[in-house]
Amino acid sequence: MATSSSPSGIPPSSAPNFTPSSPSAGRAPRTATNALSLEDDEPNAAAQEQEEDGLGTRKRRRPRTQGADVPPVKDAVGESVAEAFEKFLKTFTRGVALAHTPGSEGDAAGALDGERVYIDQIHTLRDFEITTLYVDFGDILHQDDVLADAIQKQYYRFLPYLRRALVNVVAEFEPDYLKINPSAATTDSVNLQSRDFHVAFYKLPLTSGIRDLRTEKIGTLLSISGTVTRTSEVRPELLFGSFICEICGGFVDEIEQQFKYTEPSLCPNPTCGNRTAWKLQIDTSRFTDWQKVRIQENPSEIPTGSMPRSLDVILRSELVERAKAGDKCVFTGTFIVVPDVSQLGLPGGNAAKLQRESNRGGGAATGGIGGGVTGLKSLGVRDLQYKTAFLACMVLDTDDRRGTNIRGEEDTGDESGQAYVDSLTQPEYDELNSMVDQQRAGENIYQRLVESIAPTVYGHEVVKKGILLQLLGGVHKQTPEGMHLRGDINICIVGDPSTSKSQFLKYVCSFLPRAVYTSGKASSAAGLTAAVVKDEETGDFTIEAGALMLADNGICAIDEFDKMDISDQVAIHEAMEQQTISIAKAGIHATLNARTSILAAANPVGGRYDKKKTLKANVQMSAPIMSRFDLFFVVLDQCDEKTDFNIAQHIVNVHRYQNAAINPEFSTETLQRYIRYARTFNPKLTPEAADVLVEKYRILRQDDATGAGRNSYRITVRQLESMIRLSEAIARANCTSLITPPFVLEAYNLLRQSIIHVEQDDIDFDEEELRGDRPADAPTRTPAANGTDTNMEDEDQEMDDTMDQDGSSLPVPQQRQSVAPGSPSDPANASMGDDPAPPPVKRRMIITHDQYITLQSLIVLHIAERERETGLGVDRDDLIDWYLDMKEPEMQDTSDADYQKELISKMIRKLVKDNYLLEVKGDVQDSLPSVDEESQQPVEGENVKVHYMVHPSVDTEGTSFTSTL
Amino acid sequence: MVSSELADAFDPTRVILSLYDQDIDSFPAKVAAHFDKIFASKDAFDEIPSLHTIDPRQTDRRLVSFRAMIQDTSPSPEMYLARHSNGKCGGWGLVDDSGTEDIDYSDLRENTVLWAVSVPGESPWVGGDDAPRPLFPVSHPHKFPVPEHHFGVQVKLYDTSQSDSLKSTDAVTLVGILTLESLAEESDSPNALPVLTLHVLFTRELPITIIPRVFPYVPAVSSVRVLREELISWMADEGLGGDKDAAEWVLLNIIGTVQSRTPPLLPLSLTLSRFPASKTPATTPNLSIVLSHLLPLLVTLPLSLETLNNSSFSPESKDEDLHSGRLQLPRGSVCVITEGGVTEGDVFDRGVRNLRALQEMMTNQTLEYIFPFSRFTFPTDVVCLVLSEGKKSTFFQTSTNVRIQPKDGCELYGSAVKLPSPESLAMFRDLVGGAKTGKVTQISESVAEYIQEDFVAERKSAPTPAEAVTSDDLIHRMMVARLLTLSMHQSEVTTEIWERVKVLERARCERLKA
């Protein structure tokens, strides 16, 4: 008001006053906005616009708080931007058919070669009655980077011109659509309302965080990402007001409203001079939908130790109700500053009484509180505060950013890899670059990465490998049917108390920002999954996130996994395979995302890991859950002087030198950057690698079928998927998009180690002989190689357990476990030791566990087959003969034959003992297998006819046996 | 010259205006540097009136200092007009009197808004005579972790390089201009009351002991060893029924701090089990009182079903206002948790969460803050001491469990604590505080060898594998050895200390078996 310049109302030279021919000269480009409300801005603005003429030299832009979008003086640059944009819309075609839909039903479905994408879209605007044109910013960048640059740097300044360009194009291609009711146009010009068109840009190259918004970003076009925490109701916002002067009755139209209610500041009637008495004409004023959304920084963007920042986002017209609380969204638009009038009017001293304008923030502006900016003055000026907000032209829910990746933060392939690289500082970039270069140069960075994982933990290379791969993850895929295939790698560490299990878990939690550490024992009411909670104040039911949900897109580290609630165990199935959590409680039915990798640590059943039992018998976990872990690792606490010393040295060194002691080659930060970069790769199998994969899977399956792999769980398609995931993660570790055969081999080895880890450590060699040794060995802990054979005892049971693929099988293993301990108990073994075979035989009866298993299934199947044919068992001698016949080609001399004969005898004995076979003395038909087999051992009868039958508990129908031969 | 500057500085508004040089980008840093220099000496700094000692109602735009804990850093930054249209300087609550509203948006700068509270759990002796006086009504009780009288002020920081370094629970002295303003976040609610607002000129970080201490400490009178014995005796006699072993464990624990997070060298947590129940209505154990004379920051958290189920241990953001939790405590705090008040009944959901939060703090020194749709973990550095009547803590796993054996007839609650002479007390504080600030402890090659071989030998000689010392035990002993060294104000772990650790550990384990 101080510098009122153009007192007369009708603006003569408002630049964007585009088509005077159009009946209501006011299109979006606010013709009449002019100076009425803003006189004092003008001279300044004019000066500013002039200085802005050098395009792009100024970054900042005056975001006016009121209808100042339109510079009152001709903005030549603006004009040329409008022209360029119009040209772009009219001419842009896509060479390649890259059809896409930016989330709007109104978008052009497809753009075939040479089709004018945006003209098509304008036609569809009409068809679907929408007013927002969605423009891929990449297209502008592609076609006209000067235009793109102008829009990006001075978006707020050029916004009216862009919209005007759109109106021009609409006028050209869909002229009827310009007006809301074109038929009435000719007769009633007052009712002739024009439509407001909007331009929504999406796919900006870079998405900023809330924290990055600084004053220099004001007015530029940018994308920000955040989680919606609150949404206001949708309200009408006055866009252009029509007023009647209460003094002279004159009509003033098209008063643009920006962020606050603005009346004309002076009646255009030269004789009137009214500045204050105005009446809003609702019917001729134009409104739009308006919504304020509060967003909060994404967890990944918050520096450690800081709290999340929040920001208001203003959504208008068709964008309202696009974002819901809890959604992670990307908003495109501009950062603006509005004076916070509510801060005013604090009179000095303590008698504070705040006067404020109730209609801040552009809200329902219809409530008439006098005077816009003029009001400020009357309050007496204090230090004025300014509020920031984000004016969005586009909302995109990142969770359904189309295509294969369901991870918001990983965009497709190289593109986001590039974006990530761009966000690094120079030294960070150099470091990453050199790491990638080394990798490319063939240096084995993979191994060195592994060594830098969890440096506080001594040893346990394999576990570290697994954790590295878990951090890298496999590729998330989506089938054409829309089914998501998880890429997350789940790992379980089983081991003795006070080994380093928890340290691994804690390491991962400190490594990943979105990792949640929880204990299976101490899960709260929300538990691992989610709970429906009644809000104390409102009484509403809401969903409370559990650990799995909190770790969405991260890793959920669950300690004491074995102590988890049964209900949680069941719920975790879904989370592990489907990556969702379903809730149906208190009238709430919801499926929530829980796309998380699980790193679990479990204690063995008996407190300490019993190497004489299988993994399954050691861990109290249902088979279905077990099968959902890609990798199992067993960590044992072994008294071994050398290891002990190394551990001691490691611990002492940690205290002596702290970081320097563990000094990994790559710091946590370096690793984090490398992993983040590596995760941008989406590796695919090469044909050769696919062949290897098929072959290895076949081998695993066969091992499994022949029994060698029947250790923890059966090899199924799940393990094939695991192998693919692991291969993908290994390829990522190598920063390549191609999975080559070596990667598959590495994955295969890991998987094998994981499946058979226990057995390899525990049994492997020393088959029969061990029986003699074991009673002596059992009390003291034996070095790893000195394993045991008895773990086989339980294997068949596990195998059976895995048959029950539902969660209800949980009690079954327990029952069976109670059976199992009977057989491997020491007395039984001792009695076995009395048998002729053991100690004296100096040619040691050693076969590998694999051989044993192969043999076992051979025999079992043979007998089963005979049983089926004859209904009888197999005679002992027949069995031995059959075996020797089979082995004949391999035998070289008689000692071999003797050896084989003895082997098969022991084999049979062991199978009987292990409840694979039933030993039936005498005639098969009339002897009932009711006798406890083990008590039968004293009879080593040559004369007694001995038959063998398959023990009823052995499942010969299962694929594990049938597919063998 | 300097003295005149010093005198002038008490009218900060004028100083700012006269310093102003139109370079709005570097001006906040310049202001901070200027005032920081003027008050560089301790004497000058002490002349700044403390917020605690003045009547805040009468102090618009006065220069004050405030020893505070940063409670909430979540408010959005504000924009202020750094250059008023008449060319005068803006910020620090300065009024634009140019009378024009035509502002140049390029003159807007960002200032940070925080909420700071007086330091929770601060022992009365720390502030000397400037103990908080209840002159001003407490406006935001939900923003203070403990239900006590406190000050809370809105803080505005203009030097943004400074503000980024201020994190939740940081203890700092803020020096600035005191005004009364409406709360930035609440300015749109019609009944917002004005709050004390401090426009910060400069800040001083406070040490973990609030009052600076020296390590190693060289006492004037007696040797450290003797002093340490005196201290342990006093703690034992006044707080622990004469149990010196327990007193030594308490001493070792209270001097613990986070030495490093990677690798994790965190303070130990201690349970004093079989801690007798109070026979009198008094529920605050004498131990808390004893410790509050020694420690600058001590909070007693009496657990009961009521506190568990109805209070919040974790800070929680509600409507973008961070409500404090019982565990939002500054670095270096000691938290005494008494389980004596727990009765039979149900622990509900919130109680379970609270227990988890506390356990998490004990084991990982982290605390989760709850925000809408997410939780964020913040680092803590708080020593936890659990007093339990049972054989072990009802709720928590602590790294050490010491069964207390008080002499018969000793009252551990409510009796008057006999203070030593002020000189002794001052030396005790120096000893404890110094040990707490001590960081690096050397372990020589030979001692390292000794420890390693000791470990191997001990494992070898274990009768059964399950009874063997584990690597966790070794880690624990190393921690204790480090604390023991610090408590003796030595800088090197020696074999004697190692053997002493083993003696202590063995005695502790014997008691547990008994």
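The values are calculated or read from the model by the stated rules, or taken from the named source; none is laboratory data. Keep in mind that what you see is a predicted model, and the values were worked out from it rather than measured. FYI the Cβ positions are ideal-geometry reconstructions off the backbone, even for glycines, and counts take in every protein chain you see. The accessibility values were calculated without ligands, DNA or RNA, using every heavy atom of the protein model including side chains. Shrake-Rupley method; radii C 1.70, N 1.55, O 1.52, S 1.80 Å.
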*Going through segment A:451-507 one residue at a time, which ones are touching a residue at least 24 places away in the same chain (Cβ under 8 Å), on the phi > 0 side of the Ramachandran plot and open to solvent by 10 Å² or more (accessible area, probe 1.4 Å)?*
A:459, A:460, A:498
_Flag if residue B:501 is buried (at least 16 other Cβ atoms within 10 Å of the Cβ), β-branched (Val, Ile, Thr) and more than 8 Å from chain A (Cβ to nearest Cβ)_ = yes
*Being within 9 Å of another protein chain (Cβ to nearest Cβ), part of a loop (DSSP other than H, G, I, E, B), open to solvent by less than 50 Å² (accessible area, probe 1.4 Å) and without any contact (Cβ under 8 Å) to a residue 12 or more places away in the chain, is that true of even one residue in segment B:457-468?*
yes
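Does segment A:671-689 contain at least one residue that is modelled with pLDDT of 80 or more, in contact with a helix residue (DSSP H, G or I) (Cβ under 9 Å, 6 or more places away or on another chain) and within 14 Å of chain B (Cβ to nearest Cβ)? Don't jump to the end; show me each part of the working.
Residues of segment A:671-689 that are modelled with pLDDT of 80 or more, as a first pass: A:671-689.
Filter once more, so that each one left must be in contact with a helix residue (DSSP H, G or I) (Cβ under 9 Å, 6 or more places away or on another chain): A:671-686, A:688-689.
Now drop any that are not within 14 Å of chain B (Cβ to nearest Cβ), which leaves A:671-672.
Scanning segment A:671-689, I find at least one residue that is modelled with pLDDT of 80 or more, in contact with a helix residue (DSSP H, G or I) (Cβ under 9 Å, 6 or more places away or on another chain) and within 14 Å of chain B (Cβ to nearest Cβ), so the answer is yes.
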*Just one of the numbered conditions (1) open to solvent by 10 Å² or more (accessible area, probe 1.4 Å); (2) acidic (Asp, Glu); (3) in a strand (DSSP E or B) is not true of residue A:237; which one?*
(1)
*Mind counting the residues in segment A:631-645 that are in contact (Cβ under 8 Å) with a residue 60 or more places away in the chain and either outside any helix (DSSP H, G or I) or within 9 Å of chain B (Cβ to nearest Cβ) (or both)?*
10
*Does segment A:339-362 contain any residue that is in contact with a strand residue (DSSP E or B) (Cβ under 8 Å, 6 or more places away or on another chain), more than 10 Å from chain B (Cβ to nearest Cβ), farther than 30 Å from residue B:376 by Cβ and modelled with pLDDT under 85?*
yes
*asked:* Being without any contact (Cβ under 8 Å) to a residue 12 or more places away in the chain and more than 13 Å from chain A (Cβ to nearest Cβ) narrows it down to one residue among B:339, B:360, B:344; which is it?
replied: B:344
*Only one of (1) open to solvent by less than 40 Å² (accessible area, probe 1.4 Å); (2) without any contact (Cβ under 8 Å) to a residue 40 or more places away in the chain; (3) in a strand (DSSP E or B) fails for residue B:377. Which number is that?*
(1)
*Residue within segment A:106-124 that is under 25 Å from residue A:288 (Cα atoms), modelled with pLDDT under 80, open to solvent by 40 Å² or more (accessible area, probe 1.4 Å) and among the small types (Gly, Ala, Ser) present*: no
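Can you tell me which residue is farthest from residue B:287 (Cα to Cα) among those in segment B:387-434 that are among the aliphatic types (A, V, I, L, M) and touching a strand residue (DSSP E or B) at 6+ places or on another chain (Cβ under 7 Å)? Reasoning before the result, please.
Initially, segment B:387-434 is screened for residues among the aliphatic types (A, V, I, L, M), giving B:387, B:402, B:404, B:412, B:416-417, B:419, B:425-427, B:431-432.
Cutting the leftovers down to touching a strand residue (DSSP E or B) at 6+ places or on another chain (Cβ under 7 Å) gives us B:387, B:402, B:404, B:412.
Numbers: B:387: 10, B:402: 15, B:404: 12, B:412: 7 Å.
By that ranking, first place goes to B:402.
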_Just to check your reading of the model, which residue among B:454, B:430, B:472 is buried (at least 16 other Cβ atoms within 10 Å of the Cβ), acidic (Asp, Glu), assigned to a helix (DSSP H, G or I) and more than 11 Å from every other protein chain (Cβ to nearest Cβ)?_
B:430
_Kindly evaluate residue B:24 against the criterion of being within 30 Å of the chain's Cα centre (by Cα), among the β-branched types (Val, Ile, Thr) and open to solvent by less than 20 Å² (accessible area, probe 1.4 Å)._
no
*Starting from residues that are among the acidic types (Asp, Glu) and touching a strand residue (DSSP E or B) at 6+ places or on another chain (Cβ under 7 Å), keep the ones in segment A:213-264 and report whichever is farthest from residue A:153 (Cα to Cα).*
A:246
*Could you list all residues from segment B:47-79 that are charged (D, E, K, R), at pLDDT 85 or above and open to solvent by less than 20 Å² (accessible area, probe 1.4 Å)?*
B:72
*asked:* For segment A:175-194, check the following and say yes or no: at least one residue is at pLDDT 80 or above and part of a loop (DSSP other than H, G, I, E, B).
replied: no
*Give the residue that is farthest from residue B:165 (Cα to Cα), with candidates limited to residues of segment B:46-86 that are among the β-branched types (Val, Ile, Thr) and within 13 Å of chain A (Cβ to nearest Cβ).*
B:59
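Among the candidates B:486, B:425, single out the residue that is within 14 Å of another protein chain (Cβ to nearest Cβ), part of a helix (DSSP H, G or I) and within 27 Å of residue B:126 (Cβ to Cβ).
Working: B:425 fails: within 14 Å of another protein chain (Cβ to nearest Cβ).
On inspection, the qualifying residue turns out to be B:486.
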*Which residue out of A:661, A:602 is under 28 Å from residue B:476 (Cα atoms), within 11 Å of another protein chain (Cβ to nearest Cβ) and either open to solvent by 10 Å² or more (accessible area, probe 1.4 Å) or at pLDDT 75 or above (or both)?*
A:661
*Does residue A:515 satisfy being touching a helix residue (DSSP H, G or I) at 6+ places or on another chain (Cβ under 9 Å), modelled with pLDDT under 75 and at the interface with another protein chain (Cβ under 9 Å from one of its Cβ atoms)?*
no
*Scanning for something within 11 Å of chain A (Cβ to nearest Cβ), part of a loop (DSSP other than H, G, I, E, B) and open to solvent by 10 Å² or more (accessible area, probe 1.4 Å), does segment B:400-408 turn up at least one residue?*
no
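Which residues, counting only those in segment B:311-352, are of a type in the set (Val, Ile, Thr) and open to solvent by 30 Å² or more (accessible area, probe 1.4 Å)? Show your work before the answer.
Going residue by residue through segment B:311-352, those that are of a type in the set (Val, Ile, Thr) are B:334, B:336-338, B:342-343, B:347, B:352.
Matches in segment B:311-352: B:342, B:343, B:347, B:352.
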